[in-house]
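Structure first, then comments.
The values are calculated or read from the model by the stated rules, or taken from the named source; none is laboratory data. For clarity, every value in this text was computed on a predicted model and none was experimentally measured. A quick note on method: Cβ atoms are made from the backbone with ideal geometry, for glycine too, and the neighbour counts reach across all protein chains shown. Heads up: the accessible areas ignore ligands, DNA and RNA and are worked out on the full protein's heavy atoms, side chains in. Shrake-Rupley method; radii C 1.70, N 1.55, O 1.52, S 1.80 Å.
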Amino acid sequence: MKKIKCLITAGPTREHFDPVRYISNPSSGKMGWFIAQASKEFGWDTTLVLGPSALPNIDGVNVERVVSAEDMLSVCRKHFDDCHILIMSAAVSDVRPKMFINHKAKKNEIDLNPQLERTPDILLTLSKEKGNKVLIGFAAETQNVLEYAKGKLEQKNLDAIVANNVGQASTGFASDDNKIDVILRTGEVIDFPQASKKELANSLIKFLSDRFFK
Ligand code: CTP
């Protein structure tokens, strides 16, 4: 049996204005971190590309730490060719400042109306070279969760998307529990009831293995 190679992203990205100021989001990286642990325990060869996070390395997982969306894209590119499945659970910042000041800016130097630009869409970029790989996205939403998630599944040419309501304290960004629905290309929606992120990560890897690698 071939050993499945799984590439996972997790955590936020930080898009710096200067060395001490940045745009980001409250993602803790926990969901993706537990998915990486579950993937390793399942026997998959696992690489975790982790944005800024207090979470430790995981024995037996190749953990690569990154800061910005641009870094995340370039590290993912390095591993993508070789992987069988990409699980993109990172909460990538959608925008970044156009200008970077390479020292700590003095108050008066800070532009009060900074120009922003979009970061690369990592999943969309990699999906252009999908081939036979299984691509799994995440959709963090606070409203119209299933509808928006289905849109992203189509737009990014994914095999499945994990829809996640981040508008609720008990299942939001930095919480210990989560509640997810997995939407497949067929339109099928699989409900995973609220549980700890660790339990959900184990169920998700088992589900993906049964669905895509049996
Ligand atoms: N994603 C990505 N690169 C980005 C933004 C998002 O690879 N610059 C990935 C996320 O990791 C996730 C999926 O795309 O797997 C959907 O991310 P999400 O933030 O929910 O949606 P966006 O595509 O950014 O769209 P919007 O912010 O308009 O909801």
Specify the residue that is nearest to the ligand (Cβ to nearest atom); the eligible residues are those in segment 50-63 that are surrounded by fewer than 16 Cβ atoms within 10 Å (Cβ to Cβ) and under 19 Å from Ser39 (Cα atoms).
Asn62
Being over 26 Å from Asp71 (Cβ atoms), within 16 Å of the ligand (Cβ to nearest atom) and at pLDDT 95 or above is true for just one of Lys150, Lys133. Which residue is that?
Lys150
What is the number of the single condition among (1) in a helix (DSSP H, G or I); (2) over 23 Å from Leu200 (Cα atoms) that Tyr22 does not meet?
(1)
What about Pro26, is it open to solvent by 20 Å² or more (accessible area, probe 1.4 Å), at pLDDT below 95 and not hydroxyl-bearing (Ser, Thr, Tyr)?
yes
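If only one of Arg96, Arg185 is within 26 Å of Thr46 (Cα to Cα), open to solvent by 10 Å² or more (accessible area, probe 1.4 Å), within 16 Å of the ligand (Cβ to nearest atom) and touching a strand residue (DSSP E or B) at 6+ places or on another chain (Cβ under 9 Å), which one is it?
Just one listed residue meets the conditions, Arg185.
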Which of (1) in contact with a Ser or Thr (Cβ under 6 Å, 6 or more places away or on another chain); (2) more than 9 Å from the ligand (Cβ to nearest atom); (3) not in a loop (DSSP other than H, G, I, E, B) does Phe138 not meet, given it meets every other one?
(2)
Looking at segment 67-76, is at least one residue within 26 Å of Asp181 (Cβ to Cβ), among the hydroxyl-bearing types (Ser, Thr, Tyr) and crowded, with 16+ Cβ neighbours inside 10 Å?
no
Regarding segment 160-174, can at least one residue be identified that is at pLDDT 95 or above, assigned to a strand (DSSP E or B), closer than 30 Å to Ser74 by Cβ and more than 10 Å from the ligand (Cβ to nearest atom)?
yes
